[in-house]
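Contents: one structure, followed by commentary.
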Amino acid sequence: MYRPGPRNLITDVPGFAVGHATDERVQTGVTVLACAEAWPAGVDVRGGGPGTRETEALAPENLVGRAHAVVLAGGSVFGLAAADGVTAALSAQGIGLALRAGSPAIPIVPAAVLHDLGNGGDKTWGLEPPYRALGASALQAAGPDFALGSVGAGRGAMAGLVKGGVGSASIDLGGGLTVGAMVAVNSVGSALMPDGATYWAWPFELNGEFGGSKPPDAQADMGNPAPDESRLLALERLRPGANTTLGVVACSAALTTAECTRVAMMAQDGIARALRPAHSLFDGDIVFALASGRVAPGEGQRRALQVSRIGSAAADCMARAIARAVYGARA
């Protein structure tokens, strides 16, 4: 029987640290996942309105294919500045690519943002949006333990008609192989079934991690899988690019950039399992995948099987992390 890691967080994958920075006045924030070194990474963009930075650096056909940190932020396009703060802070520590002796270190810091500009916080920041400073603060706060719910990048998020937030989950596959997921949920789709209490991800729950609610009659509750679109329209939720699920999955295996990309693609299935609908034109859904390189996955067909196993586990962790994000925000 598989079980979560000791923290049930993405940081159960050794070598990762996560930090939040939250601005309560603006009702927004930033979440940073920092790597112990530059690790192979991939990305998959599935939503119709993404906001990103440095994703092309992770394309398997390009040169780098590694990341020193990943940034998730509120603030829509303004939130992309959070990666500037992280990049500058890492470079000041000497972390990054060294292309020429004596030149500054060049960290690779992919980022993705969600739209929380209409959540009621004070957005009158003029020429000084808070995100660059929030990025540096989140990096400084990074560690193995971090809060879930309405914090960091998830502070101003919504999931359908209820509060969204940051969630995380992990699974121990044995033999030193651990898979984890972290997510910031700001989706058009709902994480809850029509009964308003049961999560769509309930079949994947481990150890009652998001309340243990199960539908009394699963078949009956599947009758209306979509959220109430008339209410969403009234709340102006259905706007292209205004809703997003941002995810990061990680594993302790030694994967290539191309294999990380495949894992990110498979992990998107977890979004579809936990949110209805998912990947719409109104969402900017994106998943990053990283590999710490501690466990050799084998060769040939055995390697392909192990990568597929990791991707499947990442999808399950993603579904659980989404439910935990909403569960934590509601609590």
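The values are calculated or read from the model by the stated rules, or taken from the named source; none is laboratory data. The structure displayed is predicted, hence computed values, not measured ones. Neighbour counts run over all protein chains shown; Cβ positions are idealised from the backbone, glycine included.
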How about region 1-18: which of its residues are among the aromatic types (Phe, Trp, Tyr) and assigned to a loop (DSSP other than H, G, I, E, B)? 2
Out of all the residues in region 149-191, which are surrounded by fewer than 24 Cβ atoms within 10 Å (Cβ to Cβ), within 22 Å of residue 120 (Cβ to Cβ) and hydrophobic (A, V, I, L, M, F, W, C)? 151, 161, 162
Considering every residue within region 272-286, establish whether at least one is of a type in the set (Val, Ile, Thr), under 28 Å from residue 149 (Cβ atoms) and part of a helix (DSSP H, G or I). no
Just a yes or no: is a residue in region 230-248 among the basic types (Lys, Arg), modelled with pLDDT of 60 or more and in a loop (DSSP other than H, G, I, E, B)? yes
Need pairs with beta-carbon distance below 8 Å; first residue over 26 Å from residue 78 (Cβ atoms) and within region 11-30, second assigned to a loop (DSSP other than H, G, I, E, B) and among the charged types (D, E, K, R); sequence gap 6+ or separate chains. 11/145
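If you go through region 55-96 one residue at a time, how many are β-branched (Val, Ile, Thr) and surrounded by fewer than 16 Cβ atoms within 10 Å (Cβ to Cβ)? Before you say what the answer is, go through the steps one by one.
Narrowing region 55-96 to residues β-branched (Val, Ile, Thr): 55, 64, 70-71, 77, 86-87, 95.
After this cut, where a residue has to be surrounded by fewer than 16 Cβ atoms within 10 Å (Cβ to Cβ) as well, the list is 77.
Count: 1.
Please state which one of 63, 33 is of a type outside the set (Val, Ile, Thr) and within 13 Å of the chain's Cα centre (by Cα).
Details: 63 fails: within 13 Å of the chain's Cα centre (by Cα).
Within the list 63, 33, the selection yields 33.
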If the Cβ limit is 6 Å and pairs must be 6+ apart or interchain, which residue in region 159-173 that is charged (D, E, K, R) pairs with which residue that is in a loop (DSSP other than H, G, I, E, B) and surrounded by fewer than 24 Cβ atoms within 10 Å (Cβ to Cβ)? 163/150; 172/5
Residue check: is residue 86 under 23 Å from the mean Cα position of the chain (by Cα), modelled with pLDDT of 95 or more and either over 30 Å from residue 36 (Cβ atoms) or outside any helix (DSSP H, G or I) (or both)? no
Name every residue in region 97-120 that is small (Gly, Ala, Ser) and surrounded by fewer than 18 Cβ atoms within 10 Å (Cβ to Cβ), in order of residue number. 98, 101, 102, 103, 105, 118, 120
All but one of (1) closer than 20 Å to residue 288 by Cα; (2) crowded, with 24+ Cβ neighbours inside 10 Å; (3) at pLDDT 95 or above; (4) of a type outside the set (Val, Ile, Thr) hold for residue 44; which doesn't? (2)
Single residue of 267, 329, 258, 314 found to be outside any strand (DSSP E or B), closer than 22 Å to residue 116 by Cβ and touching a residue at least 60 places away in the same chain (Cβ under 8 Å): 329
Given 21, 36, which one is assigned to a strand (DSSP E or B), surrounded by fewer than 19 Cβ atoms within 10 Å (Cβ to Cβ), touching a Gly at 6+ places or on another chain (Cβ under 7 Å) and hydrophobic (A, V, I, L, M, F, W, C)? 36
Specify which of the listed residues (288, 282) is among the aromatic types (Phe, Trp, Tyr), within 21 Å of residue 43 (Cα to Cα) and at pLDDT 95 or above. 288
